[in-house]
Amino acid sequence: MTDAIGRPIRRKEDERFLTGRGRFVDDIVLPGQHHAVFLRSPHAHARILRIDVGNAGAMPGVAVLTGADMAADGIGSPRCDWLVTGRGRRPMVEPPHPPLAIDRVRHVGDPVAMIVAETRAQALDALERIEVAYEPLPAVASLETAVAEGAALVWPEAPGNFCYDWDIGDERAVEAAFVGARIVRLELTQNRVAPAPIETRACIGEYDAASRRYTLHTTTQVPHLVRHMLAHHTLKVPEDRIRVVAPDVGGGFGVKAYHYGEEVAVLWAARRLGRPVRWTADRGEAFLSDTYGRDHRTIAELAVGADGEFLALRVRTDANLGAYLSTFASAIPTFFYAGSLPGPYVIPAIYARVRAVFTHTTPVDAYRGAGRPEATYLLERLADRAAAEFGLEPAALRRRNLVPAAAMPYRTPLLWTYDTGDFAAALEKALAAADHAGFPSRREAARARGRYRGIGIASYLEPAGMGPSKLVTAHGCRSGQFETAEIRVDGSGGVTVLTGSHSHGQGHETVFAQLAAERLGIPLGRIDVVHGDTDLVAEGVGTYASRSLVVGGAAISIAADRIVAKAKAVAARLLEADEIDIELEAGRFRIKGTDRVIGWGEIAAAADLRETERFDPPDFTFPHGCHVCEVEVDIETGHVAVVGYWAVDDVGRQINPMIVEGQIHGGIAQGIGQALMEACRYDSKGQLLTGSLMDYCLPRAADLPAFVIGHLETPATSNPLGAKGCGEAGAIPSPAAAIGAVLDALAPLGVRAIDMPATPEAVWRAVEAARS
């Protein structure tokens with residue numbers, strides 16, 4: 001199949017999902033399996049004085065395990081995979097994160113004991129019989145309280161509750177640029193949000209005493225990373241004694257890209273008890289134990305010249321990490337957020353200082369976009385405020401400051417050199433699609449109906465396709481960021497593609513098959529894609545940071561080209577011809593100008609047709625675009641209706657445009673959710689107030705309009721496909737576009753600022769405050 005790339009082919013995997021034949025972790029039933037539940041702390045901060053498991057442990061078929069048991073068996077803590085070195089060359093504080101708390105709990109939901117029983121109901125009954133004596137201690141549940149003088153410490157080794165104090169950029173150049181410039185200043189909040197994939201986390205641990213091998217079935221985006229963490233930090237056994245299997249996974253959005261304590265706990269319990277042990281979180285437990293995203297407080301200042309040109313940017317951000325360091329937590333506010341602050345704009349001088357803060361809350365890590373939405377939100381809010389304060393038109397101000405296409409490759413003042421892109425073209429195409437020129441008449445029509453209509457624009461750029469191992473390890477990453485692929489052709493002409501990338505909704509089984517079909521000329525139906533099993537795919541990294549196609553797909557492409565070259569050599573021998581005279585046409589190898597042909601199956605029967613590739617890209621990719629949002633606000637109730645949304649994205653070369661649009665749709669929905677609805681909230685004592693879907697509002701179909709999606713294509717230069725990545729694109733500009741539209745709608749009433757989420761209550765209060 002030589003025309004597979006660029007076609008909107010329906011996803012192969014959807015048939016089994018839609019007919020109920022998907023195989024998720026909770027569908028797996030192992031002989032003799034037992035069920036685990038976790039007793040979790042009701043306190044945000046407390047000393048554990050005593051754990052009495054006698055009554056629970058006396059129940060038939062019940063075992064109760066504690067952190068002391070784990071420590072006695074030598075089980076370690078998951079380690080953060082990114083070392084941040086702060087100002088003055090001070091390394092970040094890395095406290096332990098025991099899978100079961102030993103002497104102290106540090107957030108509501110911190111696991112204290114593990115109960116294993118023949119049924120889940122038995123385990124829950126036993127949980128009720130455990131008695132824990134706590135000494136409650138003062139807690140800090142927000143950034144403001146955590147950094148206040150005299151605040152309770154989450155960790156004694158982290159004075160002031162700071163994990164690190166880090167900076168990037170040229171502070172002196174920024175200070176000089178601010179002299180005599182017009183200054184825009186904003187205080188911004190990034191609300192804490194829950195990724196909330198439809199499938200909660202689950203895992204099953206097995207131990208085979210004869211081979212001394214562990215098998216973990218788990219809901220992860222990164223099976224090879226989990227194996228590495230288990231081997232080197234938690235179980236502490238050789239990697240070849242661990243198999244990690246990630247079957248069908250129902251969504252991730254970053255929350256499943258880490259090694260969690262429950263994963264090592266079920267393996268340890270399986271070994272200790274001699275039976276498979278399974279655990280599945282319910283939704284309430286997910287809110288207590290899954291990592292969250294975002295949660296920043298920022299002061300941002302933009303220096304603007306007399307003609308509206310951006311001169312310099314100064315940013316100070318406090319980032320909430322929660323009580324423990326998750327796998328990539330330290331990198332999100334630094335490398336991915338602050339490093340992305342140039343965005344699509346020419347800003348000659350930038351300085352950012354980030355303080356990472358421990359609090360008595362659930363840990364925070366990457367969530368779809370991971371630092372790039374935060375950076376885009378900051379830039380676009382500043383652009384809108386500058387336009388308002390200096391009497392400039394928002395689109396014109398952006399147009400004035402976007403990096404011109406002729407400047408590519410463009411070196412930013414921070415980390416990146418952009419290779420390709422036409423940022424102005426994306427802006428103009430989005431404005432045209434949204435009929436930006438016709439907006440004033442739509443605003444007037446809305447006012448005649450008693451509504452206030454606003455429009456928001458968000459241009460964005462995201463460093464994506466993580467990533468070059470040399471670059472990221474130089475900035476603190478503790479693992480390589482390559483990806484692997486293996487292609488095998490069997491004697492029947494069938495093809496198996498093995499990839500270290502992992503699919504949890506991205507459509508790998510279709511897109512990767514399209515790549516192989518295009519290169520090999522073999523029908524899609526003859527191609528199987530295998531992923532998610534470290535015994536079948538020996539080496540890999542996983543799926544996050546829009547890297548699957550950019551890195552994993554590139555590895556497949558290179559391996560396919562190699563296998564074609566190898567097959568041509570074998571075909572030449574079998575056909576008794578020169579290799580230069582062999583061509584691949586419609587899945588068969590032919591001597592040019594003749595009718596002498598041979599197929600893949602015959603070649604595979606005569607030779608071992610398999611090739612592998614370990615692709616480590618030379619650079620990140622840089623998807624970009626512009627999104628436009630229109631809203632109508634009912635100022636009497638505060639309700640915000642999103643009435644139009646237009647997106648133009650350049651994700652490089654597209655393999656399957658239908659899947660690209662689906663990814664962008666999902667990202668937009670999540671971004672609008674953050675902007676208008678979602679917020680994780682704790683009270684002053686660290687009690688979670690949004691612990692269910694009755695309290696935490698997710699967007700529904702009725703909350704969203706039909707999205708209008710457009711594209712540009714400037715292929716990336718850092719991979720052979722020209723792909724840039726699309727998994728996070730929709731989530732990056734959408735919060736800024738939505739809030740920009742809300743503020744534009746409310747500007748006639750004197751409302752100049754509103755924090756996310758712009759819920760009806762928040763909007764109503766902002767309007768009332770402006771009126772008064």
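The values are calculated or read from the model by the stated rules, or taken from the named source; none is laboratory data. Since the model is a prediction, treat every value here as computed from it, not as a measurement. Virtual Cβ from ideal backbone geometry, glycine too; neighbours counted across all protein chains shown. To get the accessible areas, we keep the full protein, side chains included, count just its heavy atoms, and leave off ligands, DNA and RNA. Shrake-Rupley method; radii C 1.70, N 1.55, O 1.52, S 1.80 Å.
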- Query: What is the set of long-range amide H partners of A758 at a cut-off below 5 Å, with H atoms built 1.01 Å from backbone N?
  - Reply: L676, M677
- Task: Amide H neighbours of C477 under 5 Å, at least 5 residues apart or on other chains, H built in the peptide plane: list them.
- Result: L83
- Among P31, P60, T412, flag the residue with its Cα farthest along the positive direction of the charge dipole of the chain, charges on Cβ as +1 for Lys/Arg and -1 for Asp/Glu. T412
- Based on Cβ point charges of +1 for Lys and Arg and -1 for Asp and Glu, what charge dipole magnitude is obtained for the chain about its Cα centre, in debye rounded to the nearest 20? 500 debye
- Query: By a straight-distance test (C-alpha under 16 Å), which aspartates and glutamates pair with K592 as possible cross-link partners, with residues fewer than eight away in the same chain excluded?
  - Reply: E576, D578, E579, D581, E583
- Task: Report the accessible area of I204, computed with a 1.4 Å probe over the heavy atoms of all protein chains in place, in Å² rounded to the nearest 10.
- Result: 0 Å²
- Message: I need the phi-derived Karplus couplings for region 178-193: 6.51 cos²θ - 1.76 cosθ + 1.60, θ = phi - 60°, integer Hz, Gly and Pro marked x.
- Response: 6, 5, x, 8, 7, 10, 10, 10, 9, 9, 10, 10, 9, 5, 6, 10
- Magnitude of the Cβ-charge dipole (Lys and Arg +1, Asp and Glu -1) of region 198-266 about the Cα centre, nearest 20 debye, reported as 200 debye
- Item | Burial ranking of peptide ranges 581-594, 129-142, 486-499, 104-117 (average Cβ count within 10 Å, highest at the top) | 104-117, 486-499, 129-142, 581-594
- How much solvent-accessible surface does D125 expose, in Å² to the nearest 10, with a 1.4 Å probe and all protein chains in place? 90 Å²
- Ordering 654-666, 718-730, 243-255, 540-552 by per-residue average of other C-beta atoms within 10 angstrom, highest first, gives 540-552, 718-730, 243-255, 654-666
- hull vol. (C-alpha, convex hull) per residue for region 138-245, Å³ -> 236 Å³
- Query: What number comes out for the charge environment of T119, summing +1 per Lys or Arg and -1 per Asp or Glu over other residues with Cβ under 14 Å away?
  - Reply: +1
- Divide by every residue of the chain the summed helix terms, -39500 (n - 2.57) for each DSSP H run of at least 4, and state the resulting mean residue ellipticity at 222 nm, rounded to the nearest 500 deg cm²/dmol. -8000 deg cm²/dmol
- the chain accessible area per residue, 1.4 Å probe, protein heavy atoms, integer Å², reads 36 Å²
- HN-Hα J in Hz across region 64-69 - Karplus 6.51, -1.76, 1.60, θ = phi - 60°, x for Gly and Pro: 10, 10, 10, x, 5, 4
- Message: Please compute the Kirkwood hydrodynamic radius over the chain, one decimal place, Å, based on all pairs of different Cα atoms.
- Response: 27.4 Å
- Item | Probe 1.4 Å - accessible area at K12, Å² to nearest ten | 80 Å²
- Beyond 20 Å, what percent of the Cα pairs of region 535-639 remain? 60 percent
- Note on the structure: Karplus ³J(HN,Hα) for region 744-756 (6.51 cos²θ - 1.76 cosθ + 1.60, θ = phi - 60°; Hz, whole; x = Gly/Pro) runs 5, 5, 8, 4, x, 8, x, 7, 10, 8, 7, 8, 6
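How much of the DSSP bridge set in the chain is antiparallel, in percent, rounded to the nearest 5?
Of all bridge pairs located within the chain, approximately 80 percent are antiparallel.
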- Task: Give the carbon-plus-sulfur fraction of the accessible surface of the chain in %, rounded to a whole number; probe 1.4 Å, heavy atoms of protein chains only.
- Result: 52 percent
- Message: Please give the Cα centre distance for region 387-425 versus region 520-595, rounded to the nearest Å.
- Response: 40 Å
- Item | Partners for K470 among aspartates and glutamates (Cα-Cα distance below 19 Å; same-chain residues under 8 apart left out) | D81, D419, E483, E539, E613, D616, D619
- Find how many whole Å separate the alpha carbon centroid of region 70-142 from the alpha carbon centroid of region 197-268. 18 Å
- Query: So, counting K/R as plus one and D/E as minus one, what does the shell of residues with Cβ under 9 Å around L137 add up to?
  - Reply: +1
- Query: Once you put a point 7 Å from the Cα of H639 and another 7 Å from the Cα of D125, both along the Cβ direction, what distance in nm separates them?
  - Reply: 4.8 nm
- Item | Charge dipole of region 515-673 about the Cα centre (unit charges at C-beta), most positive-ward option of T543, L520, G667 | L520
- Toy charge model, Lys and Arg Cβ at +1, Asp and Glu Cβ at -1: region 1-151 dipole around Cα centroid in debye, rounded to 20, equals 620 debye
- Would you please classify the overall shape of region 439-509 from the alpha carbon gyration tensor, given that a ≥ b ≥ c denote the square roots of the eigenvalues, rounded means a/c under 1.5, and beyond that prolate means a/b larger than b/c while oblate covers the rest? oblate
- Place +1 on the Cβ of every Lys and Arg and -1 on the Cβ of every Asp and Glu in the chain, take the dipole about the Cα centre, and give the residue among P138, G254, I198 whose Cα lies farthest towards its positive end. P138
